[in-house]
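Heads up, the thing below is written out as structure tokens.
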Amino acid sequence: MNSVSSSTLRAATLAWAIWWSSAASGYAAERVEPVNKDGAGLALKGYDTVAYFQAKAPVKGVPEFTHSWKGATWQFSSAANRDAFAKNPEQYAPQYGGYCAWAVSNNYTAPVDPLAWKIIEGKLYLNYNTAVQKKWEDGVLKRIEQATTNWPQLHK
């Protein structure tokens with residue numbers, strides 16, 4: 001390879017590296033709403049966040065029992081669950097605004113499947129799907145630590 005093509009190659013590689021680092025840092029820095037909600041403003045795809053703690057299972061909420069918090073509408077399966085959430089939303093709300101805990105631990109956000117959940121040390125964590133949840137559970141305490149570090153830079 002001659003010196004012109006070699007320096008051209010180095011310049012192109014450098015330009016690509018600069019573009020990639022800008023694009024990657026821009027992606028990681030993209031900020032999201034504090035609560036993962038659908039287009040209608042519904043949090044957790046309508047599932048009752050208190051039920052994960054009380055019933056130890058995902059339970060669909062109903063429109064009759066709602067509460068607004070952090071710019072989202074939360075649905076519950078009973079008035080008692082709605083009232084418990086209204087008294088102390090931080091106790092029941094999923095961590096990282098209801099975004100995928102695996103994704104947040106890797107410094108980005110992703111939607112969740114309400115059926116891919118786990119309560120650890122009294123906190124609710126959701127994941128994109130059950131396959132991702134299995135990966136997240138491997139080294140879960142370290143992943144929670146990393147996600148907790150990343151979350152403030154990811155949301156508004």
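The values are calculated or read from the model by the stated rules, or taken from the named source; none is laboratory data. No experiment lies behind these values; they were computed from the predicted model shown. Backbone-built Cβ (ideal geometry, glycine too); neighbour counts: all protein chains shown.
Observations
- Within segment 140-156, residues that are assigned by TED's automatic domain parsing to the domain that holds Tyr108 reach partners that are part of a helix (DSSP H, G or I) and acidic (Asp, Glu) with beta carbons closer than 9 Å, at six or more positions or on different chains, in the pairs Arg143/Glu137.
- Helices (runs of 4 or more DSSP H) within segment 32-127 that include 2 or more residues closer than 27 Å to Lys142 by Cα and not polar (S, T, N, Q): 49-54, 89-92, 101-105
- Annotation note: of Thr130, Thr149, Thr49, the sole residue that is out of contact with any His (no Cβ under 8 Å at 6 or more places or on another chain), of a type in the set (Val, Ile, Thr) and crowded, with 22+ Cβ neighbours inside 10 Å is Thr49.
Matching residues to (1) among the polar types (S, T, N, Q); (2) on the phi > 0 side of the Ramachandran plot; (3) in contact with a strand residue (DSSP E or B) (Cβ under 6 Å, 6 or more places away or on another chain):
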| position | (1), (2), (3) |
| --- | --- |
| Val59 | no, no, no |
| Ser77 | yes, no, no |
| Ala101 | no, no, yes |
| Ser105 | yes, no, no |
| Lys134 | no, no, no |
| Gln146 | yes, no, no |
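- Being surrounded by 11 or more Cβ atoms within 10 Å (Cβ to Cβ), modelled with pLDDT of 95 or more, over 19 Å from the mean Cα position of the chain (by Cα) and among the small types (Gly, Ala, Ser) is not true of Gly41.
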